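Student: Questions regarding the structure given below will be posed in turn.
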Amino acid sequence: MNQNPTSQTSYESDNYVTINIGPSHPSMHGTLRIITMTDGETIVKAEPDIGYLHRGVEKLGESLTYHQFIPITDRLNYCSAIPNNVSYEMAVEKLMGVEVPEKAQLIRVIMMELARIADHQVCIGILGVDLGAFTPFFYLIIQREEIYEIFEWFNGARLTNTFGRIGGVDADLPDDFEERWEELKPNVRKANDETEKLLTHNRIWMDRTIGISAFSAEDALNRGFTGPCLRACGVKRDLRIDEPYCMYDKFKFEVPVGKNGDVFDRYIVRMIEMEESLKIIDQAYKLYKEMPSDAPLMARVPKVIKPPAGEVYSALESPNGELGFFVKSNGSANPYRIRIRPPCYMMFQALPELVKGEMVADLIACISSLNIIAGELDR
Amino acid sequence: MDDWLIAIIKVVCIWVWVLLIAVVMTWVERRGAGLIQDRPGPNRAGPWGLFQPLADGIKLFTKEEIIPTKARKILYILGPLLFSLPAFSAYAVVPFGDKIILGGKEIILQVSDVNIGFLFILAIGSMGVYGVILGGWGSTNKYSILGGLRSTAQMVSYEVPLGLALLAIVFVYGTFSLRDISLAQQGTFLGFLPNWGIFKQPLGFILFIVAAYAEANRVPFDLPEAESEIVSGYHTEYGSMRLGLYLFGEYVNLVTISGVIVALYFGSWHMPYIDLGAYLGPISWGIVSFCIFFLKVSFFLWMFVWVRWTLPRFRYDQVMGLGWRGLIPLALFNIFITALFIQLTV
Amino acid sequence: MDLKKRVEQYLGPEGLVVAMTECQGDLSAEVPKKNILDVMHLLRDTPDLGFNFLSDVFGVDNLDLNKPKKKPKKKTEEGEGAEAEEEPKEKGPSPPRYEVVYLLLCLERNERLQVKVRVAEDDMEVDSLYPIWKASDWPEREIFDMFGIRFKGHPNLKRLLMWDDFPAHPLRKDYPLEGQGEERHLVYDD
């Protein structure tokens, strides 16, 4: 029953060279592996092979309680743990029919948008590094460090935040958030400006990114693209606007849309999204300040979470795209089945089409621009 | 006998000197990266991290030498040697100052003033590619081979515009000797411009510096060792001092290239507008000319670092395209213009 | 017209809906396994439904839900061929053990629909959606990997996350979590 049902893809050829890129390779973002067949440096065939970071997260969830699973979600997209936490919490809250207090929602929005900025900063920085431009990476990563400082000072962890609880958040924003935020904001903008100056109109950068791994909107939808990569293809789809959650309908922000769906568009979309995120945080913090200081942070949820039997799917717009959790409960204290819908999973499977006929160097650019995070890819 | 002694002293001195610059360059590169990237850079070993190269050297020397089992041993060992030897010997014809008079004897500050200086540099420079291709091939690693291939194609392609740019210089000065060219750059022409190569060959200078960056495998032409694509290119499988030789050879190449740029295009040891040699004694002029030359070289060394931390990397086919479709036609055009000009004026 | 009625209107007459359930606003429609491709075509191409985006495909093992609740499950014996017989079968045929759930999304109206297919243990094959949505490529491979459900018409159905000769399907409910049980599933040959 365990035999391989399909023929093994053949990599034997007299005319082509098979190069095994990864799982241990400087630009394989963790443990990705791609088997490429190249004609000189042109890729004839590329096949991703994933699972090197598979930790059985979905299986683990079945034997943990609902709250115990929150730290596990940190380990999915480790570049931005907070949207993972919130997405999972939202799914369980939906299953229980719990309404989260507005103040908690605002705190979630602020933290998620900070995480989005941090994620995009890493993504763009790494894209630069993979294309040989080291310096923007440091400009961006220094600012990400500042964002991590805020995370750390908010809940004690930098990378794996374990943010929030089912039913709300556990702690209020500290008093001097405004101070730190006002200090951070111009620095983030400045780093972005410097990155733009170094990259956007750089002739080499344009040559390396424009038209590389372009994808049409139709193909992207067929392949299940979401998030910045789908928007780069010209589809205006953002769950924050299309299926608002966490009071996102109260904020005014633009959704940037690209045209060609190439590496350059993905880069530009992310750059603009960071700016929009800054605006959202400003608006959210303004709303937050209008709330009474003793407003509740947690909905009334029992100590032991036992949602009624049922199954729900809840998704939010994570920095990478639609991050969804399907939670099925049988009424006990452990989830019966948790399914995670990671955004980059759908995008990475399109890799063979994205890089066919491109060169090895473009393959690297393509992977970085899709922002493949092995943690959420393999789960 | 004296001549022999002087020659040996000069060889040893310049060898140590170039080595020293290369060592300091490894430090400058990393501190420069820190300066450009808002971070300290290496700052633990000694004041401002100055002993970092020393620590690196000790590390490289004391590391275990590993030869991959499947490597072709002879080629594998030969690679780094073939790469670094030409790098060390190319500086022999590059001047590092005017001349110094000691005990009534005139000593030119150049290891040897060969009358085919250029050709020597081009010939020795292209030897380096053997080290790269042999190392890449001998490692029996696909990434190494890719790196070696990229390097070969790149070096062979860019030697053409490099040679053509130099040819135009020969037209202008009528000699192959670097010392003669240096001497000819004194004074001004058209009344206000220093008599430097860059003002006589502006296009040639741009072509030369682009081709030189490509020859030195520096960003934006660092494809042979593009870390994100082919791990480390031709030296993926190398460790310990063999790797050290490759890395070191590269820095020595930078010194040579900077020296050539200064000697050909930036007036060598001459200050613009002022002829210091007329005011200073023979010994002090020797030292001052050396300092001026070295200052100019340092600027170009810094430019290598500066460019490296500013630009992204080209793609393989783009490098080839730039070389064959951009630089070579331009270089031919440059030669044509230069020849026409000389024909009409002389 | 709300989604449930619309789905029933278009799928109902042809007997393509077995059951419809709703949980906290999430609508799910169970459809017969043999008709899954027709259903998907209908759902995608009918303008009133227009589910043009496949969000995700995954499997669910209902072994524990189908079981009569008397005692917690014990350690499993000998691979997973054995547990089929272990299943108590006194009260008639138990419902099929596995489900494959398709999450569909209508981009124009932002409506979501779960389409469910039940897969019995004696017929572990479902039509692949690859011809309709290429997005189902890896999810289907993962279901094959994790549950052992085959997809007919999938171009490259092999294990996705586990290595090729991994002997079990780990997301099945009878796959032991730790200790010797797991060891017994893995056969190491030196």
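Student: Quick check: anything in segment C:33-42 open to solvent by less than 30 Å² (accessible area, probe 1.4 Å) and over 17 Å from C:L129 (Cα atoms)?
Tutor: No, that holds for no residue.
Student: Could you say whether any residue in segment B:91-101 is open to solvent by 60 Å² or more (accessible area, probe 1.4 Å), in contact (Cβ under 8 Å) with a residue 60 or more places away in the chain and touching an Asp or Glu at 6+ places or on another chain (Cβ under 8 Å)?
Tutor: Scanning segment B:91-101, I find at least one residue that is open to solvent by 60 Å² or more (accessible area, probe 1.4 Å), in contact (Cβ under 8 Å) with a residue 60 or more places away in the chain and touching an Asp or Glu at 6+ places or on another chain (Cβ under 8 Å), so the answer is yes.
Student: Can you tell which of B:P272, B:P202 is more than 14 Å from chain A (Cβ to nearest Cβ), open to solvent by 10 Å² or more (accessible area, probe 1.4 Å) and touching a strand residue (DSSP E or B) at 6+ places or on another chain (Cβ under 8 Å)?
Tutor: B:P272
Student: Take the conditions in contact (Cβ under 8 Å) with a residue 40 or more places away in the chain, among the aliphatic types (A, V, I, L, M) and more than 30 Å from B:L85 (Cβ to Cβ) and apply them to B:L330. Does it pass?
Tutor: The answer is yes for B:L330.
Student: Every residue in segment A:354-376 that is out of contact with any Ser or Thr (no Cβ under 9 Å at 6 or more places or on another chain), β-branched (V, I, T) and either within 12 Å of chain B (Cβ to nearest Cβ) or surrounded by fewer than 24 Cβ atoms within 10 Å (Cβ to Cβ) (or both), please.
Tutor: none
Student: Moving on to the next point. Taking the conditions exactly as written (touching a residue at least 40 places away in the same chain (Cβ under 8 Å) and polar (S, T, N, Q)), does A:N330 satisfy them or not?
Tutor: no
Student: Moving to a separate point now. Quick one: in segment A:24-39, which of the residues that are modelled with pLDDT of 80 or more and surrounded by fewer than 19 Cβ atoms within 10 Å (Cβ to Cβ) is nearest to the chain's Cα centre (by Cα)?
Tutor: Looking at residues that are modelled with pLDDT of 80 or more and surrounded by fewer than 19 Cβ atoms within 10 Å (Cβ to Cβ), I get A:T31.
Student: For A:R379, work out the one condition from (1) touching a helix residue (DSSP H, G or I) at 6+ places or on another chain (Cβ under 6 Å); (2) crowded, with 24+ Cβ neighbours inside 10 Å; (3) within 10 Å of another protein chain (Cβ to nearest Cβ); (4) modelled with pLDDT of 85 or more it doesn't fulfil.
Tutor: Failed condition: (4).
Student: Name the single residue, out of those in segment B:140-156 being within 21 Å of B:A212 (Cβ to Cβ) and in contact (Cβ under 8 Å) with a residue 40 or more places away in the chain, that is surrounded by the most Cβ atoms within 10 Å (Cβ to Cβ).
Tutor: So, considering only residues that are within 21 Å of B:A212 (Cβ to Cβ) and in contact (Cβ under 8 Å) with a residue 40 or more places away in the chain, the one surrounded by the most Cβ atoms within 10 Å (Cβ to Cβ) is B:G147.
Student: Quick one: which helices (runs of 4 or more DSSP H) lie wholly within segment A:191-268 and hold at least 2 residues that are among the acidic types (D, E) and closer than 28 Å to C:P131 by Cβ?
Tutor: Correct list: A:217-222.
Student: A further question on this structure: Tell me, which residue of segment B:299-328 that is away from chain A (no Cβ under 14 Å), open to solvent by 40 Å² or more (accessible area, probe 1.4 Å) and within 20 Å of the chain's Cα centre (by Cα) is farthest from B:R218 (Cα to Cα)?
Tutor: Step by step, filter segment B:299-328, then rank; the result is B:F299.
Student: Assuming B:F294 fulfils every condition listed in (1) within 14 Å of chain A (Cβ to nearest Cβ); (2) touching a residue at least 12 places away in the same chain (Cβ under 8 Å); (3) part of a helix (DSSP H, G or I) apart from one, which condition is it?
Tutor: Unmet for B:F294, out of (1) within 14 Å of chain A (Cβ to nearest Cβ); (2) touching a residue at least 12 places away in the same chain (Cβ under 8 Å); (3) part of a helix (DSSP H, G or I): (1).
Student: Of the residues B:S284, B:S228, B:S258, B:S289, which is among the small types (G, A, S), assigned to a helix (DSSP H, G or I) and surrounded by fewer than 19 Cβ atoms within 10 Å (Cβ to Cβ)?
Tutor: B:S284
Student: Which number in (1) farther than 26 Å from B:I145 by Cβ; (2) part of a helix (DSSP H, G or I); (3) not aliphatic (A, V, I, L, M) marks the one condition that B:G244 misses?
Tutor: (1)
Student: Suppose we keep only residues that are closer than 19 Å to B:L203 by Cβ and more than 21 Å from the chain's Cα centre (by Cα) within segment B:157-186. Which one would you say is surrounded by the most Cβ atoms within 10 Å (Cβ to Cβ)?
Tutor: Filtering first and then ranking leaves B:Y173.
Student: When segment A:301-337 is examined, which residues are found to be of a type in the set (S, T, N, Q) and more than 9 Å from every other protein chain (Cβ to nearest Cβ)?
Tutor: Of everything in segment A:301-337, those that are of a type in the set (S, T, N, Q) and more than 9 Å from every other protein chain (Cβ to nearest Cβ) turn out to be A:S318, A:N320, A:S329, A:S332, A:N334.
Student: What's the number of the only condition in (1) of a type in the set (D, E, K, R); (2) free of Cβ contacts under 8 Å to residues at least 60 places away in the same chain; (3) within 30 Å of C:L160 (Cα to Cα); (4) out of contact with any Asp or Glu (no Cβ under 9 Å at 6 or more places or on another chain) that C:K5 fails to meet?
Tutor: (3)
Student: Here are the criteria: (1) surrounded by fewer than 18 Cβ atoms within 10 Å (Cβ to Cβ); (2) touching a helix residue (DSSP H, G or I) at 6+ places or on another chain (Cβ under 6 Å). Tell me which single one B:P86 does not satisfy.
Tutor: Every condition holds for B:P86 apart from (1).
Student: Do we find a residue being more than 14 Å from chain B (Cβ to nearest Cβ), surrounded by fewer than 22 Cβ atoms within 10 Å (Cβ to Cβ) and basic (K, R) anywhere in segment A:146-162?
Tutor: Scanning segment A:146-162 turns up at least one residue that is more than 14 Å from chain B (Cβ to nearest Cβ), surrounded by fewer than 22 Cβ atoms within 10 Å (Cβ to Cβ) and basic (K, R).
Student: So in segment A:184-222, with the set limited to residues that are acidic (D, E) and within 12 Å of chain B (Cβ to nearest Cβ), which one is surrounded by the most Cβ atoms within 10 Å (Cβ to Cβ)?
Tutor: A:D207
Student: Something else about it: Say whether the condition of being within 14 Å of chain C (Cβ to nearest Cβ), modelled with pLDDT of 85 or more and crowded, with 18+ Cβ neighbours inside 10 Å is met by at least one residue in segment A:77-87.
Tutor: For segment A:77-87, residues within 14 Å of chain C (Cβ to nearest Cβ), modelled with pLDDT of 85 or more and crowded, with 18+ Cβ neighbours inside 10 Å: present.
Student: Separate question: Restricted to segment A:40-53, and to residues that are out of contact with any strand residue (DSSP E or B) (no Cβ under 8 Å at 6 or more places or on another chain) and surrounded by fewer than 20 Cβ atoms within 10 Å (Cβ to Cβ), which residue is farthest from C:D137 (Cα to Cα)?
Tutor: A:G40
Student: Separate question: Among the candidates A:P319, A:P296, A:P302, single out the residue that is touching a residue at least 60 places away in the same chain (Cβ under 8 Å) and either among the polar types (S, T, N, Q) or more than 30 Å from A:N187 (Cα to Cα) (or both).
Tutor: A:P296
Student: What residue, among those in segment A:325-353 that are surrounded by 24 or more Cβ atoms within 10 Å (Cβ to Cβ) and among the small types (G, A, S), is nearest to A:E276 (Cα to Cα)?
Tutor: Within segment A:325-353, the match that is nearest to A:E276 (Cα to Cα) is A:A350.
Student: Further, regarding this structure: Working only within segment B:23-43, note down all residues that are in contact (Cβ under 8 Å) with a residue 60 or more places away in the chain and open to solvent by less than 20 Å² (accessible area, probe 1.4 Å).
Tutor: Answer for segment B:23-43, where residues must be in contact (Cβ under 8 Å) with a residue 60 or more places away in the chain and open to solvent by less than 20 Å² (accessible area, probe 1.4 Å): B:M25, B:E29, B:G32, B:A33, B:Q37.
Student: Same structure, new question: Among the numbered conditions (1) in contact (Cβ under 8 Å) with a residue 60 or more places away in the chain; (2) touching an Asp or Glu at 6+ places or on another chain (Cβ under 6 Å); (3) farther than 26 Å from C:E111 by Cα; (4) not in a loop (DSSP other than H, G, I, E, B), tell me where A:M274 comes up short.
Tutor: (2)
Residues are listed down the side, and each one gets a yes or a no for (1) open to solvent by 50 Å² or more (accessible area, probe 1.4 Å); (2) basic (K, R); (3) within 14 Å of chain A (Cβ to nearest Cβ); (4) over 18 Å from B:V231 (Cβ atoms):
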| position | (1), (2), (3), (4) |
| --- | --- |
| B:P68 | no, no, no, no |
| B:L81 | yes, no, no, yes |
| B:V114 | no, no, no, yes |
| B:G138 | no, no, no, no |
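The values are calculated or read from the model by the stated rules, or taken from the named source; none is laboratory data. This structure is a prediction, so every number in the text was calculated from the model and none was measured. For neighbour counting, all protein chains shown are included, and Cβ atoms are generated from backbone atoms with ideal geometry for every residue, glycine included. Surface areas here come from the heavy atoms of the whole protein model, side chains and all, with no ligands, DNA or RNA. Shrake-Rupley method; radii C 1.70, N 1.55, O 1.52, S 1.80 Å.
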